[in-house]
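Working notes for the structure below.
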Amino acid sequence: MSSTHMEKLRARMNFGHKVEPVKLRKRKSQLYINEDTSSLNTAVYGVNVTVLCVVFRLVNCFLVQTSFVPDEYWQSLEVSHYMVFNYGHLTWEWSAGIRGFTFPFFFAFIYKILHLIRYDTVFLLIWLPRILQALLAAMADVKLYTFIHTLECPDVAKWTLFCQMCSWFTWYCCTRTLTNTMETTLTTLALCYYPLPGSKTHSSKKYLSLVALAIIVRPTALIVWLPLLVSHFWREEDKLRLISHRCVPIGALTLVISTIIDCAFYGKWTLVQFNFIKLNIFHGVSEFYGSHPWHWYFTQGFAVVVGPHLPFFLHGCTVAAKRYRILLVAVGWTVAVYSLLAHKEFRFIYPVLPFCMVYCGISLAHLKTWRKTAAYGLLVSNLLPALYTGLIHQRGTLDVMGHLHKLCDTTITTTQPDVLFLMPCHSTPFYSHMHCPVRMRFLECPPDLGVEGYSDEADGFYEEPLHWLRNAFPYKSSLPTHLVLFDVLEKEISAFLDGNRYRRTAQIFHSHVPEGRVGREIFIYERH
């Protein structure tokens, strides 16, 4: 090596003679700016973002006091109560092995702790699972804000969080004990670790683990994630390593753990995911619960779920950066796939709502002149349906359980209570909202699975209510002590009620929009 090169090396390494310390110039690239601000800027609207989201979702939790769909209880809290306290009722899905115990296991763990410390009151059994869902929803809100903050300027992150928090359908669903709620929360968390171009928080291990858990909770989560998984695989340089070191180990481990939990509680070898797909897709069992035209999501469902955000979502699609295109593909793909299925519900497409909120946040950030007016309009237009659906619409089926819970107090009842729900099956929660072994029955309505002697008890009752009651209770000694029914049924069975000395003891509001077998009021009749 020449002497000239040696001198340069000594000078660089500071050997041989003293030199002035090298001053590092400050880097002003966008990369460094984003890293600094994402770590320091934890406040939004003048409040710490974590505190804001936690407080907001807890308020959200306690201001949702209505029922949505039966699965909110019958596929979660009722199962958890049965797992811990060994009494209750499991629906046909559990005898058919199409539901997994992993999701209710989370709530069963809470119930078990409450049972051990002897604090298993009805209030805590109902609200602690809801509070857990609220805290997970708050975590998802914070992560979504942080994720967008690393991709865009703070303004876009702030407006994305605003859209997420003022969405009426998110308010309505995010604290409920639904598998769709957990699927959406896990999907939002997974998105924050997804390798979107430009993301600095991506982690294949974390996002794939969350996706795997979402699929275990609800196998249909694969529909939402399929386009994103394909996109990741297509862009990945080392595809073999992604499959062998990430997808296969994480998927296998998650499946093994969930299968162990299911086998332990079913008491036999059960592969829930296979049974779920076989009955719902190949045997079309879901059609038993109703069908809609193929265009329902495009003409009604999607617009209702996105709500007043729809114009901002459409505008955001036109101004968003190219890297967000995969989210739009996932939204379109999910809506299209669910449109092919006969049975449709609003909650099925709930998991893509956070994707839509990203576009809405980008839209508001791009608005200049009308931004504040648009934001106020968005807030007010979401506030009204959020409060109405959360506090008023369909609250009777929960309130009636509070009235019936008084029957658990044996000091005020002279006879053993026997409650019969003459309502569409699974209209109310059950033992998770009573927490005492009072005898209760309801009209069964399992689908036709090819079992010999199949009958739909609910349909049989509603065809001829009076005839059904007289056949079911030929002797007065077998009559239930309490009947629970919607007001639309009262006139049809009035002869039975009067003839057997039933008297109305409670009238509970349920809905301003009665439909079919569901009425405006719920009546409780007691036999005297």
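Some notes on this structure:
- Computed from the Kirkwood radius of its Cα pairs, the Stokes-Einstein diffusion coefficient for region 207-326 at 20 °C and 1.002 mPa s stands at 121 µm²/s.
- Percent of Cα-Cα distances greater than 21 Å, calculated over region 347-428: 60
- Protection proxy ranking of 267-280, 164-177 - average other beta-carbon atoms within 10 Å, highest first: 164-177, 267-280
- Over 21 Å [Cα-Cα, region 436-499], rounded percent: 32
- Highest-first packing order for the peptide set 122-131, 383-392 is 122-131, 383-392, based on the mean count of other beta carbon atoms within 10 Å.
- All Cα-Cα distances of the chain, cut into 20 Å bins from zero to the largest, leave 19, 48, 24, 7, 2, 1 percent in each bin in turn.
- Both radii are taken from the alpha-carbon atoms of region 204-248; with Rh as the Kirkwood radius, Rg/Rh is 0.97.
- Of all DSSP-defined beta bridges confined to the chain, some 65% are antiparallel rather than parallel.
- Those Cys residues of the chain for which no other cysteine Cβ falls under 4.7 Å: CYS53, CYS61, CYS153, CYS166, CYS173, CYS174, CYS192, CYS247, CYS263, CYS317, CYS356
- One chain, two ends: GLU515 and ARG441. Fully extended at 0.36 nm per residue, the span grows by 24.3 nm beyond their Cα-Cα distance.
- Accessible surface of SER427 - all protein chains present, 1.4 Å probe, nearest 10 Å²: 30
- Region 256-405: C-alpha pair distances exceeding 19 Å, %: 68
- From the largest down, region 300-373 spans 44, 26, 15 angstrom on the principal axes of its Cα atoms.
- For region 168-274: rounded, prolate or oblate by the Cα gyration tensor [a/c cutoff 1.5]: oblate
- Region 470-528: translational diffusion in µm²/s, Stokes-Einstein, Kirkwood Rh over Cα pairs, 4 °C, 1.567 mPa s: 107
- Among the listed pairs LYS206/LYS322; LYS143/LYS372; LYS205/LYS344; LYS268/LYS406; LYS158/LYS206; LYS205/LYS372, those with a Cα-Cα distance over 29 Å are LYS205/LYS344; LYS268/LYS406; LYS205/LYS372.
- Portion, in percent, of the accessible area of the chain that falls on carbon or sulfur, probe 1.4 Å: 63
- Relative pair counts by distance (%), Cα atoms of region 124-197, 5 Å bins: 3, 16, 24, 24, 16, 10, 4, 2, 0
- Its relative contact order, with pairs defined as Cα atoms under 8 Å and 6+ residues apart, puts the chain at 16 percent.
The values are calculated or read from the model by the stated rules, or taken from the named source; none is laboratory data. In this text the structure is predicted, and so the values were computed from the model without any measurement. In this analysis, Cβ positions are derived from the backbone assuming ideal geometry, glycine residues included, and neighbour counts consider all displayed protein chains. In case anyone asks, the SASA skips ligands and DNA or RNA and just uses the protein heavy atoms, side chains included. Shrake-Rupley method; radii C 1.70, N 1.55, O 1.52, S 1.80 Å.
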